[in-house]
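Structure record follows, encoded as structure tokens.
The values are calculated or read from the model by the stated rules, or taken from the named source; none is laboratory data. Not measured: the values here are computed from a predicted model. Cβ placement follows ideal geometry from the backbone for every residue including glycine, while neighbour counts extend to all protein chains displayed.
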Amino acid sequence: MAVSVHLNELSIPWLDRKRILGLVLATIAGLLVLILTQPDPQVGVLVAANDLVPGRALTQGDVAVRYVASSEGLVEGTSVGELSEWSLRTPINAGEPLLPSNLQPPELLAHPNVIALSLDQSHAVLGRLIAGDRVDIYRTSTQGLDAASVTELVASGVYVVESRPAGEGVNADRVDLLLAVDEDLALLLAGATRDGGIDLVRIAP
């Protein structure tokens, strides 16, 4: 014997429908207000905790944190972190932000002088050097017309401050370098560039 079941359509009173619709619209409106009034996300940047002088290694006590909407052009962070032992090129006052352009690596504290070299890319790792690299410098010289060329290491682990292409035209195959040196190394490299060919070897990290 077949059994048939008939379900009556569930009816919702008109008043209840209006109440539900009102609740939904109110919820949507509340979410929109929350989204529109939500403050922009804040990014922590480093500022000077006190007046800072150039040429002194930074410590945690030298920096404070300020939260801003945009960190463009500033140094992000909540602690001195990897900038420990870095120093400033120029002084800044308490509360002023630290700028990447005003920071220098610890290598420039040990070797504060900078010497410029312009080399053919074939003698400078094909120009594939960047700031922060370290290089060994070799000099090749000849003592006389019939003498064999002699190559010697004149400096090791020299810090690259800056490296960039020399330009276009006749200089297109050259690279300009700034290297961190002390006075003795500056004299040695100045003599090396006059006495013979210079080759750079990038040291693997």
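Looking at Ser156, is it part of a strand (DSSP E or B), out of contact with any Pro (no Cβ under 7 Å at 6 or more places or on another chain) and within 27 Å of Asn102 (Cβ to Cβ)?
no
In the list Glu82, Glu96, which residue meets the criterion of being under 29 Å from Val201 (Cα atoms), of a type in the set (Asp, Glu) and outside the structural domain of Leu177 (by TED's automatic domain parsing)?
Unique residue meeting the criteria: Glu82.
Whether any residue in region 64-74 is within 30 Å of Ala186 (Cβ to Cβ) and at pLDDT 90 or above is what I want to check.
no
Can you tell me which residue within region 89-112, out of those that are among the aliphatic types (A, V, I, L, M) and farther than 26 Å from Gln42 by Cα, is surrounded by the most Cβ atoms within 10 Å (Cβ to Cβ)?
So the residue we want is Leu108.
Could you grab me the full set of residues in region 171-204 that are in a loop (DSSP other than H, G, I, E, B) and either under 24 Å from Ser149 (Cα atoms) or in contact with a strand residue (DSSP E or B) (Cβ under 8 Å, 6 or more places away or on another chain) (or both)?
Answer for region 171-204, where residues must be in a loop (DSSP other than H, G, I, E, B) and either under 24 Å from Ser149 (Cα atoms) or in contact with a strand residue (DSSP E or B) (Cβ under 8 Å, 6 or more places away or on another chain) (or both): Ala172, Asp173, Asp182, Gly196, Ile203.
Filter region 169-189 for residues that are in contact with a Lys or Arg (Cβ under 7 Å, 6 or more places away or on another chain) and closer than 15 Å to Val154 by Cβ and give the result.
none
Across region 60-118, what is the total count of residues that are closer than 30 Å to Ile198 by Cα and part of a strand (DSSP E or B)?
The number of residues fulfilling the criteria is 8.
Return the pair list, or none, for Cβ contacts closer than 6 Å from residues in region 177-199 that are modelled with pLDDT of 85 or more to residues that are among the small types (Gly, Ala, Ser) and surrounded by fewer than 18 Cβ atoms within 10 Å (Cβ to Cβ), at least 6 apart or on different chains.
Pairs that qualify, where the first residue is modelled with pLDDT of 85 or more and the partner is among the small types (Gly, Ala, Ser) and surrounded by fewer than 18 Cβ atoms within 10 Å (Cβ to Cβ), are Leu178/Ala116.
Restricting the search to region 77-88, which residues are among the charged types (D, E, K, R) and exposed (fewer than 13 other Cβ atoms within 10 Å of the Cβ)?
Listed by number, the list holds a single entry, Glu82.
Kindly list, by first and then second residue, each pair from a residue in region 130-141 that is assigned by TED's automatic domain parsing to the domain that holds Ala190 and on the phi > 0 side of the Ramachandran plot to a residue that is buried (at least 18 other Cβ atoms within 10 Å of the Cβ) and not hydrophobic (A, V, I, L, M, F, W, C), limited to pairs with Cβ atoms under 8 Å and residues at least 6 apart or on different chains.
Gly132/Tyr159
Is it the case that some residue within region 127-141 is within 23 Å of the chain's Cα centre (by Cα), part of a strand (DSSP E or B) and not basic (Lys, Arg)?
yes
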